[in-house]
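Written out below as structure tokens is the structure these notes cover.
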Amino acid sequence: MTSHPCRLYLLTPPRLDNLSGFAQRLSQALDGGDVAALQIRLKDVTDDDIRAAYHALAPIAHNADVAVLINDRVDLAQELGADGVHLGQDDMSLRDARKQLGSDAMIGVTAHNSRHHAMMAGEGGADYVAFGAFFESATKTPKIQATTDILSWWSELFEIPCVAIGGITANNCAPLVRAGADFLAVCGGVWNTPDGPSKAVQVLNTTITSAYSAD
């Protein structure tokens with residue numbers, strides 16, 4: 001198990017039809033408790049939509065000391081001055097992304113359930129590797145299913161942080177925390193909860209803390 005407390009890594013929904021309204025919801029979420037990072041993870045939108053989202057959301061996140069990453073788009077991460085980028089297996093190579101963004105950028109890489117891909121990312125200088133999906137998700141149909149074994153294996157052997165992703169909520173996250181996840185990437189588990197994003201973040205953080213003492 002990781003010796004560092006697990007933290008939340010928020011993902012935006014794939015579309016933000018009401019950007020100003022979502023900005024308010026982000027503020028509420030960050031008021032709910034500890035959050036390490038926010039990934040702007042918009043799908044099937046224009047570059048200007050991503051730019052607008054960054055300009056609206058990054059100041060809120062940075063004011064709360066939350067890092068902001070752009071999904072997939074190294075070019076926009078560089079243009080906007082984002083803290084980093086998250087790369088899927090079909091995106092720009094980690095080597096090229098690092099060359100373009102520099103040593104200070106945070107670069108994470110999707111490994112799905114592949115130990116080989118995770119080790120290659122770690123050896124290539126990734127700042128974190130992401131495993132998943134662990135559960136069914138309302139925002140993305142998972143192509144690959146991962147199990148907690150891969151989190152335990154990674155956390156026991158490597159120092160680079162690992163992120164668990166895919167359908168994570170306060171009701172199902174405890175096994176991921178106990179297995180060694182350093183971060184929980186959460187989308188619907190915050191934005192779609194009936195009690196609102198502030199309460200969702202609060203409950204997730206409480207569940208994380210409780211998971212360490214559950215055994």
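Tabulated results
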| read-out | value |
| --- | --- |
| So Gly122, is it of a type outside the set (A, V, I, L, M, F, W, C) and either in contact with a Lys or Arg (Cβ under 7 Å, 6 or more places away or on another chain) or closer than 18 Å to Ile50 by Cα (or both) | no |
| Unique residue being free of Cβ contacts under 8 Å to residues at least 40 places away in the same chain and in contact with a strand residue (DSSP E or B) (Cβ under 7 Å, 6 or more places away or on another chain) when the list is Leu184, Leu94, Leu157, Leu176 | Leu94 |
| Set Ile160, Ile208, Ile165: member being over 24 Å from Asn71 (Cα atoms), within 17 Å of the chain's Cα centre (by Cα) and either of a type in the set (Asp, Glu) or modelled with pLDDT of 95 or more (or both) | Ile208 |
| Gly81 being surrounded by fewer than 17 Cβ atoms within 10 Å (Cβ to Cβ) and under 22 Å from Phe131 (Cβ atoms) | no |
| Count of residues meeting criterion [exposed (fewer than 12 other Cβ atoms within 10 Å of the Cβ) and of a type in the set (Asp, Glu)] in the stretch 84-104 | 2 |
| Condition met for Leu38 (hydrophobic (A, V, I, L, M, F, W, C), assigned to a strand (DSSP E or B) and either on the phi < 0 side of the Ramachandran plot or without any contact (Cβ under 8 Å) to a residue 12 or more places away in the chain (or both)) | yes |
| Single condition Gly166 does not satisfy, out of (1) touching a His at 6+ places or on another chain (Cβ under 8 Å); (2) crowded, with 17+ Cβ neighbours inside 10 Å | (1) |
| Matching entry among Ser137, Ser103 (being small (Gly, Ala, Ser), modelled with pLDDT under 95 and in a loop (DSSP other than H, G, I, E, B)) | Ser137 |
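The values are calculated or read from the model by the stated rules, or taken from the named source; none is laboratory data. Computed from a predicted structure; not experimentally measured. Reconstructed Cβ throughout: ideal geometry from the backbone, glycine too, with neighbour counts over all protein chains shown.
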